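Have a look at the structure below, then the notes.
The values are calculated or read from the model by the stated rules, or taken from the named source; none is laboratory data. Since we're looking at a predicted model, the values are computed, not measured. Cβ atoms come from the backbone with ideal geometry, glycine included; neighbour counts cover every protein chain shown. Side chains are part of the model used for accessible areas, which takes the heavy atoms of the whole protein and leaves out ligands, DNA and RNA. Shrake-Rupley method; radii C 1.70, N 1.55, O 1.52, S 1.80 Å.
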Amino acid sequence: MKKKILFVCLGNICRSPMAETIMQAMAKEAGREAEFELDSAGLIAYHEGEEADPRMRQHAARHGYRITHLSRPIRESDFRYFDLILGMDDSNIDRLKRLAPDLETEAKVQRMTDYCCQRMEDHVPDPYYGGASGFEHVISLLEDACRGLLENLKADD
Ligand code: 4NP
């Protein structure tokens with residue numbers, strides 16, 4: 001059965017669509033695309049229907065990634081549908097846990113950086129109000145976390 005993973009950030013226009021895109025690319029590269037169903041969502045609906053932030057898309061392209069996701073807010077059914085719900089920072093995780101309809105679904109909420117294999121960081125910082133280095137930092141942290149996630153899920157099987 002496919003492992004269903006939902007990446008979540010605040011606006012679903014920077015970090016979580018980037019995470020989804022990197023994970024998709026790494027799974028494909030590893031010949032493991034068929035093992036996963038991936039999506040991303042935001043905690044706010046403010047950017048619903050929009051493409052990812054143009055700055056995020058530009059930095060992604062520099063690293064060979066193309067983000068096609070359109071922003072959408074998380075919905076209650078996501079908590080039942082997905083096996084793993086990965087938040088990017090403390091605020092995301094607190095809000096996700098409060099939104100989870102019950103204890104079983106709350107347990108699906110985890111921290112993206114817990115899967116990092118080389119970096120020792122405890123959150124993926126919001127790049128929205130910052131400069132270019134923030135977007136680059138998001139990409140390198142998410143690459144590390146997705147590498148760890150792929151390894152971890154292999155080990156689980
Ligand atoms: P994201 O970044 O959560 O990584 O998508 C943000 C996008 C939009 C806003 C904040 C953060 N905003 O306030 O609209």
Item checked: Label-point separation in nm, LEU103 to LYS4, each point 7 Å along Cα→Cβ -> 2.3 nm
Checklist line | Under 23 Å, Cα to Cα: Lys pairs in the chain, sequence gap 8 or more or different chains | finding: 14
Check: Can you give the relative contact order of the chain as a percent, counting alpha carbon pairs under 8 Å and 6+ residues apart?
Finding: 26 percent
Next item on the list: Report, in order of residue number, the helices in the chain meeting two criteria: a C-alpha extent of 30 Å or more along the helix axis, and a mean Kyte-Doolittle hydropathy of at least -1.0; treat each whole DSSP H run as one helix.
Entry: 132-156
Next item on the list: Determine the order of SER77, SER40 by accessible area, beginning with the largest, at a probe radius of 1.4 Å.
Entry: SER77, SER40
Margin query: In Å², and per residue, what accessible area does the stretch 3-156 have when probed at 1.4 Å with the other protein chains present?
Written below: 49 Å²
Notebook entry, point to check: HN-Hα J couplings of the stretch 30-45 from phi, Karplus 6.51/-1.76/1.60, θ = phi - 60°, integer Hz, Gly and Pro as x?
Noted result: 7, x, 10, 3, 5, 7, 10, 10, 10, 7, 9, 7, x, 8, 10, 9
Note to self: Run the helix sum for the chain: -39,500 (n - 2.57) per DSSP H stretch of 4+ residues, divided by residue count, reported at 222 nm to the nearest 500 deg cm²/dmol.
What the structure shows: -13500 deg cm²/dmol
Note to self: What does the extension gain come out to for ARG80 and GLU37, with contour length at 0.36 nm per residue minus their alpha carbon separation?
What the structure shows: 14.1 nm
Next item on the list: Return the FRET efficiency for the residue pair GLN110, HIS63: r is the Cβ-Cβ distance, R0 is 35 Å, and the value is rounded to the nearest 0.05.
Entry: 0.90
Check: Long-range amide H contacts for PHE36: which residues qualify at under 5 Å (H placed 1.01 Å from N, peptide plane, sequence gap of 5 or more or a different chain)?
Finding: LYS3
Margin query: Please compute, over every Cα-Cα pair in the chain, the percentage with a separation greater than 25 angstrom.
Written below: 21 percent
Checklist line | Selected from GLY64, SER91, ALA52, residue furthest toward positive end of dipole (the stretch 44-121; charges at beta carbon) | finding: GLY64
Margin query: How large a share of the accessible area of the chain, in percent, is made up of carbon and sulfur atoms when the probe is 1.4 Å and the other protein chains stay in place?
Written below: 47 percent
